[in-house]
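Heads up: the structure comes next, in structure tokens.
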Amino acid sequence: MHKKLILVAIIVFGLTSQVWAEYPSNVAILEKPEISKLADDQLIDAYENTLVEIQASQSFHYTSGFSPKEYKDFKALLKYRLLLQVEIHSRNLEIPQF
């Protein structure tokens, strides 16, 4: 019984490690001096990419997971939504409420 439990734990850990390996973050973590050197558009882009990565990662871990293509598509959709929100805000419009 004990050996079976260890074997199951190894398999689960191995599968979990593979899933984590498939979805590496593409956000570069910069130090404060590097952040201060970013141009305004680079700063906004880094912020947006970080928000998208956090949301995608949380959604991935709260569900049964996505395939690599689904994960990439989901991140693209999150980024698109964020860009729309930024544009709406810059035009002083209100985001429609549902």
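The values are calculated or read from the model by the stated rules, or taken from the named source; none is laboratory data. Please read all numbers here as calculations on a predicted model, not as lab measurements. No Cβ is skipped: glycine too gets one built from the backbone with ideal geometry, and neighbour counts run over all protein chains shown. Please note that ligands, DNA and RNA were not included when accessible areas were found on the heavy atoms of the full protein model with its side chains. Shrake-Rupley method; radii C 1.70, N 1.55, O 1.52, S 1.80 Å.
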How much of the accessible area of region 25-98, in percent, comes from carbon and sulfur atoms when a 1.4 Å probe is used?
-> 59
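Fully extended, how many nm does the chain gain between Thr63 and Ile29 (0.36 nm per residue separation, minus their Cα-Cα distance)?
Values: separation 34, 0.36 × 34 = 12.24 nm, distance 2.57 nm.
Fully extending the segment from Thr63 to Ile29 adds 9.7 nm.
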Take each of the peptides 31-39, 52-60, average the number of other beta-carbon atoms within 10 Å over its residues, and list them starting from the highest.
-> 52-60, 31-39
